[in-house]
1. Cβ under 15 Å from residue 234's Cβ, residue 234 left aside: what net charge do those residues give with Lys, Arg +1 and Asp, Glu -1?
2. Please find, in a Gaussian network model of the chain (springs between Cα atoms separated by less than 10 Å), the residue of 278, 85, 48 whose mean-square fluctuation is greatest.
3. Assuming R0 = 30 Å, what is the FRET efficiency of residue 135 and residue 85, from their Cβ-Cβ distance, to the nearest 0.05?
4. For residue 19, give me every one of the aspartates and glutamates with a C-alpha distance below 16 angstrom, ignoring sequence neighbours fewer than eight places off in its own chain.
5. Mind listing the long-range amide H neighbours of residue 114? Cut-off is under 5 Å, sequence gap 5 or more, other chains count too, H placed in the peptide plane at 1.01 Å from N.
6. Let's see if you can work this out: charge +1 on each Lys and Arg Cβ, -1 on each Asp and Glu Cβ, no other charges. What is the dipole magnitude of the chain about its Cα centre, in debye to the nearest 20?
7. Compute the acute angle (0 to 90°) between the alpha-carbon long axis of helix 70-83 and the principal axis of greatest extent of the alpha-carbon atoms of the chain; round to the nearest 10°.
8. Mean residue ellipticity at 222 nm from the helices of the chain, using -39,500 (n - 2.57) per DSSP H segment of n ≥ 4 over the full residue count, to the nearest 500 deg cm²/dmol?
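Nothing in this text is a laboratory measurement; each read-out follows from the coordinates by a stated rule. Remember, it's a predicted structure, so these values are computed and weren't measured experimentally. With ideal geometry, Cβ positions are generated from the backbone for all residues, glycine too; neighbour counts draw on all protein chains shown.
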Amino acid sequence: MSVSCPAAFVAAPASGQGKTTITAAIARYHRNRGLRVRVFKTGPDFLDPMILEQASGHPVDPLHLWMVGEAACKAKLYAAAQEADLILVEGSMGLFDGDPSGADLAVRFGLPVLALIDASGMAQTFGAVVHGLATYRSDLSLTGVIANRTGSARHGQMLAESMPEGVHFYGAVPRNEALSVPDRHLGLVQAGEIDDLDARLQAAAEAIAEAGVTELPAAVTFEPEPMPAIEPRLEGTRIAIARDAAFAFTYPGNLDLLRAMGAELEFFSPVAGDRLPDVDAVWLPGGYPELHLDALEANTGLKEDLAQHQLGGRPLLAECGGFLYLLDELTDRDGHRASMAGVIPGRACLEARLQGLGLQSAPLPEGELRGHTFHHTHAEVDREPLVHCIRARDGGTASEAIYRDGRLTAGYLHAYFPSNPEAVAALFLSD
């Protein structure tokens, strides 16, 4: 049975327009009104969803036609519509960027587009940008626009007067640096590191209310999508998962899948000095180990535990930051070097420029796993790769290396586990 719910796809002409701040502000405003708000993020991302989760009060899943899959995206939206009063989907980059793009997702599920445009340094040209976004694809429904970072009430009025016919001007949000979220080399700072984040979200919600951006979008009808049952392949398997400021990049769907397959999850903090729990398998996800070199170096007990775990032939999956932690040493951008776990022979250094970015799949012996890479470190590993990841965007050229030693699997790829549950089960099952 179909179900309807007000919904909008929050998009922009480019990155850096303020999508996360405004999406979070809208979510918090309507949450404050007592509405149940569900937010999704388009494509691979760990940092924006942390902000959006605190704004909405609910975990934020990715939606992407390639990485997540069309059927799973449809099922997630339908499930959200059954319990929510408002659904927001934050886009990534520009509305038409990527293949598949955010526009492709919006069109596929009939989501009306709410465009956010940074209007600083712009007057009547604002209307021309809106016209381009509205007419570039005839199958796209752009129903509203928010002007962001305006300089004055008169500025906002000029922008409203420049609007083309058929597109609603929701309002103008004045420039206010106090509402912005700080960033670093991989994007936004993690939500848990921003002491006044809740106050910023409250202020942002008040700012959009003052700007008049308070209308609910039109209702969208969502259809059910039956998904295959998850087999309890990991029943009774105990998996230790690193989780702290250095290892925080986990999709909610990855954890949900492991639990659905019957795994018992035990979280531990390498930064806090925790030893490895008594488990069958280990997952070291990505994060910011380069910001916690001294604490990680000092945790010699965990290094010994991981070495013994790997030598004992038990499963160990390390992704990006987790992969860096297993190397012999890691160097930050200032040249500070620290010894890491030494399970994988090699070293890595944080570079000034981005070293890897994009959607990729790993053709593992267990099956293909889809995901993405995004890192500023360069690693030199004294071992031949098991396989190389395949880029999704350019016809399948080889990219990031995946390394294997016994039951250890490591590399820069952040895998989206639901893309292949059987492969994930095989990676974590003990022999």
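1. Spelling it out: positives minus negatives among the neighbours equals -4.
2. 278
3. My answer for the efficiency is 0.45.
4. 45, 48, 53, 90, 97, 118, 177, 183
5. Counting only residues 5 or more places away or on other chains, the set is 9, 10, 11.
6. It works out to roughly 860 debye.
7. 60
8. My calculation for the chain gives -8000 deg cm²/dmol from helical runs alone.
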